[in-house]
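Worksheet: the structure to be examined is printed underneath.
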Amino acid sequence: MADNTTEKKGAMKMDLNTPMLDQLEDGPWPSFVTDLKGHAEKRPQVGQLLNQLEESYENRWNYWTGAVVNVSGYGGGIIARLSQKADKYPDLAQFNTIRVIPPPGFVYNTTKLRELADIAEKHGAGIMQLHGMTGDLLLLGYDNAGSFAAAEDIMKAGFDIGGSGGALRTLQCCVGQARCEMACYDTMKATRFLTNRYIDFLHMPEFMYKFKFKLSGCANDCANATHRSDMPIIGTWRGPMQVDQAKVAEFIEEKGIEAVIDNVLTRCPTRCLSLKGKELIVDNENCVRCMHCINVMHKALKPGVDKGISILLGGKRTLKIGDTMGFMLVPFMKLESDEDYEALANLIDNVWEFWNDNAHDHERVIEFISRVGLGTFLKGIGMEAEPAMVARPRTSPYIKFEELAPPRMGGEQNQNPPVWQREPEVQES
Amino acid sequence: MSESTMGPRNQGAPDYNEHIHPVMAKNYGDWDYHERLKPGVIRYVSKSGDSLYVVRAGSPRTMSPATVHKVCDIADRYCDGFLRFTIRCNVEFSTPKEENVELIIKAVKEELGFPIGGTGNSVSNITHTQGWLHCNLPATDAAGSVKALMDDLIGEFEKEEMPNRVHISASCCQINCGSHADISIIVQHHHAPRIDHKNMMICELPKVVAICPAAAIRPKMMNGATSVEVVDEKCMYCGACHGQCPSMEIRDADTDTLSIWVGGKASSTRGGPSQMKLATWGLPNNPPRWPEVSDAVRKILAAYKESGKPWERVGEWIERIGWAKFFEMTGFPFTRYHIEDGPDALTTLNRSSHVRL
């Protein structure tokens, strides 16, 4: 058994030669260059990193190669980075990233965060990033042995490592009910539930391509779920919003009636707010739960009491079919009881099964839906279509109505098997 | 002796109950309202009457363990040992004691050198990607341009004087991991990938062919070995193949440029979420401080600050004043490259007689 400590031999110390990076030490915003220069005193490989980065700045070129390296039993969580200039910077030969699953909402007690900082430093360069764009706490700069030893210590400290490749990726959520009055469901609990329920899919890249959840407590979408996740889960409510008319009147007295007209009434997307004196009348049936009026008058207005979630599907950035945003899949469901959580998991299982059974390699779920059509997808996951899913019905009249297709020559009903199930037709000779 | 490293431990996400401030734990789900006391300081009030004061500071995202310990020192001294990060890489110090607020601000400025702000109608911290520091695909370094840009915009981070909040992102390749934002900075390439035919054995060729969104890649024998060719007329220089196969080099230090996009919005408030649109292109990839990028972003923010109405995000402001006015106010030329040619192209045209004359 190898010694767990990989604070071995010590990296090669190298004089810094970074005239371009030095210019990023000027100015009032905190400089990562200054911080890393200080850190290089302790971890000389960071000096090599800065020198390589300087060459990138000079030549406008990158010197990292990606590769695959895995902790035993895991298929993700470590991103291998190999320097193409390892002959010059020997301690960058293996300089991997470790993705650590942070506590939901990026909350930390300092004891644990300090423990992670110590682990980060113990086994390699120990550069920390809080946080990566997917939502991991990133540790940078480990050779393979250091990566394994660090991962072991991370797990001993009670943390786990996150997803990479065609896997479920580390989940991300807003602060939710822990500190926000707007949150319509417990985002932290749901994030932890989904992470732990599907931890195997985080650890093993078994999907056709990556899958991301992001969870926001309301339509303000502080987790940027709509743009950045395959399944955005967004808090909402049924029934009327809560209005405290006394505080409405206070708001009007303080800010003036014009401010309410300009900033609240006329900004309502469905024009469902009006004033009767200093009383706010809400057409709750037409409220689309956009949160705007609540944001402006947040002491007077609150989400309704019958809270739950909307589930969307398919947000991602541009590659390969262009930008997409999540569309409404489930307009409302409760997320409180164990049964509610099981119902959510059941939906996710159905989406994953149909997607992974039928998608192409490297096809995100929305790209798959774009290819086969939402109608086909809904049939595949056993859901009925409903108007909330679309902005408008179709305009193209060319439709294959299964119910209206004539019987075949042999007399049997044409079942029109969906394209993903269709057997090649065999010609009888 | 270490324990066996075989098999996953499946520990999953840490229990947040151990990581939230006791006042957050006590009032979980019971918060009533919040008020922004000044830029960077928010007071959250619970139905129980408890208050939690939150001081928000901008971080450089990339930090040494020593800096993380310094952050923890402040949280230990004033915040009962708890802290939080936002998705825009700000760090939040929370305390139930009002008298700690100024002490935290002083400590953050003096001990960390981090600015206080990023709340309300400010320009918040920039989300950005790994860049030359540690990614395998980048054509630029996001962290450097972000540092230079925030040096410029720090005054707007520390104030709340914009019509609404401003989110900015910077991405170092066209995969755009920095994502949509009110203002977004992305690299663009200007020719088809250069293929290293001698090194194609490291890639799965069927996957390389299949990943092309323009169907521009086809198999080809080169000097007796399997390889691919790219049909230049079809290729849109996106670099999808480069992510799949390092031998399909899309980057070019001499020709890559940066472009700026505006109007992305994730939240469903008012008109709903929106995607970002091209504002200007062809900016030089100019390390170490990318002054042309800072200049363009400053122009957009100045115009937005001047003519945006309260609560209008950048995209909503432009929709109201019209794109012609946006280009006039920023001085960016409107070119034929600004016109969509993707699958939804026709729906992006002005299909009405509406025009501001």
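The values are calculated or read from the model by the stated rules, or taken from the named source; none is laboratory data. In this text, all values refer to a predicted model and were calculated from it rather than measured experimentally. Heads up, the Cβs are rebuilt from the backbone with ideal geometry, glycines too, and the neighbour counts pull from every protein chain shown.
When only residues in the range B:206-246 that are among the small types (Gly, Ala, Ser) and under 20 Å from B:Gly342 (Cα atoms) count, which is surrounded by the fewest Cβ atoms within 10 Å (Cβ to Cβ)? Before the answer, list the steps.
Restricting attention to the range B:206-246, the residues satisfying the condition of being among the small types (Gly, Ala, Ser) are B:210, B:214-216, B:224-225, B:227, B:239-240, B:243.
Subset that is under 20 Å from B:Gly342 (Cα atoms): B:210, B:214-216, B:239-240.
Details: B:Ala210: 16, B:Ala214: 15, B:Ala215: 11, B:Ala216: 21, B:Gly239: 22, B:Ala240: 23.
Filtering first and then ranking leaves B:Ala215.
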Query raised in the report: Take the residues of the range A:197-211 that are in a loop (DSSP other than H, G, I, E, B) and touching a helix residue (DSSP H, G or I) at 6+ places or on another chain (Cβ under 7 Å): which is farthest from A:Val175 (Cα to Cα)?
Result: A:Met208
**Report entry** Tally, over the range A:44-73, of residues that are buried (at least 23 other Cβ atoms within 10 Å of the Cβ), more than 16 Å from B:Ala143 (Cβ to Cβ) and at the interface with chain B (Cβ under 9 Å from one of its Cβ atoms)
**Finding:** 1
Requested in this report: Only residues that are among the small types (Gly, Ala, Ser), in a loop (DSSP other than H, G, I, E, B) and surrounded by fewer than 16 Cβ atoms within 10 Å (Cβ to Cβ): list them for the range A:320-346, please.
Outcome: A:Ser337
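Restricting attention to the range B:110-126, does a residue exist that is closer than 30 Å to B:Trp31 by Cα, among the β-branched types (Val, Ile, Thr) and out of contact with any helix residue (DSSP H, G or I) (no Cβ under 7 Å at 6 or more places or on another chain)?
Within the range B:110-126, the first condition is being closer than 30 Å to B:Trp31 by Cα, and the residues that meet it are B:114-126.
Adding the requirement that they be among the β-branched types (Val, Ile, Thr) leaves B:116, B:119, B:123, B:126.
Remaining after also requiring out of contact with any helix residue (DSSP H, G or I) (no Cβ under 7 Å at 6 or more places or on another chain): B:119.
Taking every residue of the range B:110-126 in turn, at least one turns out to be closer than 30 Å to B:Trp31 by Cα, among the β-branched types (Val, Ile, Thr) and out of contact with any helix residue (DSSP H, G or I) (no Cβ under 7 Å at 6 or more places or on another chain).
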Query raised in the report: Within the range A:72-87, how many residues turn out to be of a type in the set (Gly, Ala, Ser) and more than 11 Å from A:His203 (Cβ to Cβ)?
Result: 4
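Yes or no: B:Arg36 part of a strand (DSSP E or B), of a type in the set (Lys, Arg) and in contact with a Phe, Trp or Tyr (Cβ under 7 Å, 6 or more places away or on another chain)? Walk me through how you get there before you give the answer.
Details: part of a strand (DSSP E or B): yes; of a type in the set (Lys, Arg): yes; in contact with a Phe, Trp or Tyr (Cβ under 7 Å, 6 or more places away or on another chain): no.
So B:Arg36 does not fit the description; no.
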Report task. State the number of residues belonging to the range B:87-120 that are facing another protein chain (nearest Cβ under 7 Å) and of a type in the set (S, T, N, Q). Result -> 0
Report summary line: Those residues of the range A:347-375 that are surrounded by fewer than 19 Cβ atoms within 10 Å (Cβ to Cβ), outside any helix (DSSP H, G or I), within 19 Å of the chain's Cα centre (by Cα) and acidic (Asp, Glu) come to a total of 0
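Give the residue, chosen from A:Phe207, A:Phe193, A:Phe201, that is touching a strand residue (DSSP E or B) at 6+ places or on another chain (Cβ under 6 Å) and surrounded by fewer than 24 Cβ atoms within 10 Å (Cβ to Cβ). Lay out the reasoning, then the answer.
On the way: A:Phe207 fails: touching a strand residue (DSSP E or B) at 6+ places or on another chain (Cβ under 6 Å); A:Phe193 fails: touching a strand residue (DSSP E or B) at 6+ places or on another chain (Cβ under 6 Å).
It is A:Phe201.
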Requested in this report: Kindly check whether there is at least one residue in the range A:138-154 that is under 30 Å from B:His21 (Cβ atoms), of a type outside the set (Ser, Thr, Tyr), assigned to a helix (DSSP H, G or I) and without any contact (Cβ under 8 Å) to a residue 24 or more places away in the chain.
Outcome: no
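Name the one entry in A:Asn62, A:Asn51, A:Asn70, A:Asn96 that is closer than 26 Å to A:Ser31 by Cα and under 23 Å from the mean Cα position of the chain (by Cα).
After ruling out the rest, the residue left standing is A:Asn96.
Determine, yes or no, whether B:Lys109 is surrounded by 21 or more Cβ atoms within 10 Å (Cβ to Cβ) and either part of a helix (DSSP H, G or I) or in the same structural domain as B:Val91 (by TED's automatic domain parsing) (or both). Talk me through it step by step, then tell me what you get.
Values: surrounded by 21 or more Cβ atoms within 10 Å (Cβ to Cβ): no; either part of a helix (DSSP H, G or I) or in the same structural domain as B:Val91 (by TED's automatic domain parsing) (or both): yes.
The answer is no for B:Lys109.
If I filter the range A:169-187 down to residues being in a helix (DSSP H, G or I) and polar (S, T, N, Q), which single residue comes out as farthest from the other protein chains (Cβ to nearest Cβ)? Quick ask: steps written out before the conclusion?
Just the residues of the range A:169-187 that are in a helix (DSSP H, G or I), to begin with: A:176-178, A:187.
Those left that are additionally polar (S, T, N, Q): A:177, A:187.
Numbers: A:Gln177: 4, A:Thr187: 10 Å.
The qualifying residue farthest from the other protein chains (Cβ to nearest Cβ) is A:Thr187.
Can you tell me which residue among B:Ala13, B:Ala57 is modelled with pLDDT of 95 or more, within 7 Å of chain A (Cβ to nearest Cβ) and surrounded by 24 or more Cβ atoms within 10 Å (Cβ to Cβ)?
On the way: B:Ala57 fails: within 7 Å of chain A (Cβ to nearest Cβ).
The match here is B:Ala13.
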Query raised in the report: Yes or no: A:Val107 closer than 22 Å to B:Asn90 by Cβ, more than 9 Å from chain B (Cβ to nearest Cβ) and crowded, with 22+ Cβ neighbours inside 10 Å?
Result: no
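Among what's in the range A:21-37 and is assigned to a loop (DSSP other than H, G, I, E, B) and of a type outside the set (Ser, Thr, Tyr), pick the residue that is farthest from the other protein chains (Cβ to nearest Cβ). Before you say what the answer is, go through the steps one by one.
Residues of the range A:21-37 assigned to a loop (DSSP other than H, G, I, E, B): A:26-31.
Going one step further and asking which of them are of a type outside the set (Ser, Thr, Tyr), we end up with A:26-30.
Working: A:Asp26: 7, A:Gly27: 3, A:Pro28: 5, A:Trp29: 4, A:Pro30: 5 Å.
Taking the candidates together, the pick is A:Asp26.
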**Report entry** Conditions (1) at the interface with chain B (Cβ under 8 Å from one of its Cβ atoms); (2) at pLDDT below 95; (3) under 30 Å from B:Gln275 (Cα atoms); number of the one not met by A:Gly166
**Finding:** (1)
Report summary line: Filtering the range B:295-319 down to residues that are within 18 Å of the chain's Cα centre (by Cα) and buried (at least 17 other Cβ atoms within 10 Å of the Cβ) yields B:Ala296, B:Val297, B:Ile300, B:Leu301, B:Arg313, B:Val314, B:Gly315
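To keep it simple, each residue is scored yes or no on (1) more than 26 Å from B:Ser274 (Cβ to Cβ); (2) more than 10 Å from chain B (Cβ to nearest Cβ).
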{"site": "A:Asn295", "(1), (2)": "no, no"}
{"site": "A:Asp306", "(1), (2)": "yes, yes"}
{"site": "A:Ile311", "(1), (2)": "no, yes"}
{"site": "A:Arg317", "(1), (2)": "no, no"}
{"site": "A:Ile348", "(1), (2)": "yes, yes"}
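Which is over 15 Å from the mean Cα position of the chain (by Cα), crowded, with 24+ Cβ neighbours inside 10 Å and either under 26 Å from A:Trp237 (Cα atoms) or facing chain B (nearest Cβ under 8 Å) (or both), of A:Gly126, A:Gly158?
Details: A:Gly158 fails: crowded, with 24+ Cβ neighbours inside 10 Å.
A:Gly126 is the lone residue from the list that is over 15 Å from the mean Cα position of the chain (by Cα), crowded, with 24+ Cβ neighbours inside 10 Å and either under 26 Å from A:Trp237 (Cα atoms) or facing chain B (nearest Cβ under 8 Å) (or both).
Looking only at the range A:353-373, decide whether some residue is among the charged types (D, E, K, R), in contact with a strand residue (DSSP E or B) (Cβ under 6 Å, 6 or more places away or on another chain) and within 14 Å of chain B (Cβ to nearest Cβ). Lay out the reasoning, then the answer.
If we filter the range A:353-373 for residues that are among the charged types (D, E, K, R), which is where we start, we get A:353, A:357, A:361, A:363-364, A:367, A:371.
Checking which are in contact with a strand residue (DSSP E or B) (Cβ under 6 Å, 6 or more places away or on another chain) leaves us with A:364.
Retained after the next criterion (residues that are within 14 Å of chain B (Cβ to nearest Cβ)): A:364.
Yes, the conditions are met somewhere in the range A:353-373.
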Requested in this report: Give the number of residues within the range A:205-232 that are within 13 Å of chain B (Cβ to nearest Cβ), within 15 Å of the chain's Cα centre (by Cα) and more than 20 Å from B:Gly120 (Cβ to Cβ).
Outcome: 12
**Report entry** Members of the range A:236-272 found to be among the basic types (Lys, Arg) and free of Cβ contacts under 8 Å to residues at least 24 places away in the same chain, listed by number
**Finding:** A:Lys255, A:Arg271
Report summary line: A:Glu41: passes all of (1) in a loop (DSSP other than H, G, I, E, B); (2) more than 31 Å from the chain's Cα centre (by Cα) but (1)
